[in-house]
1. Which members of the range 95-116 meet the condition of being without any contact (Cβ under 8 Å) to a residue 12 or more places away in the chain, assigned to a helix (DSSP H, G or I) and within 17 Å of residue 40 (Cβ to Cβ)?
2. Looking at 7, 42, 52, which is the one that is within 25 Å of residue 113 (Cβ to Cβ) and modelled with pLDDT under 95?
């Protein structure tokens, strides 16, 4: 009777088979995590690009408006555009001088987004 009970029990899975299944599961999990991270970064990137493009367009129209307004006040459109251009040149010089101060937070933000 004991022989029947032993014969009726399903055979135990091989340790190597279990190990293979475990490795396959871990590889699949790694793939899913990589896909999740890359899709999150891609979605953030697309959102940032759309927002940045919209902001740049609004900023350009604002700049043209200010330049035309200054040109009207000074009596010549070229004077208004010249003043606005000088203002942006000043901003560019300041940004170049403070490059490392500006770069570090951006790099940290990107790194934190990737490892999030």
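The values are calculated or read from the model by the stated rules, or taken from the named source; none is laboratory data. Remember, it's a predicted structure, so these values are computed and weren't measured experimentally. Here Cβ is always computed from backbone atoms with ideal geometry, including for glycine, and neighbour counts include all displayed protein chains.
1. The first filter runs over the range 95-116 and keeps only residues without any contact (Cβ under 8 Å) to a residue 12 or more places away in the chain, leaving 95-112, 115.
From what's left, assigned to a helix (DSSP H, G or I): 95-97, 99-112.
109, 110, 111, 112, listed by residue number.
2. Testing whether each residue is within 25 Å of residue 113 (Cβ to Cβ) and modelled with pLDDT under 95 leaves just 42.
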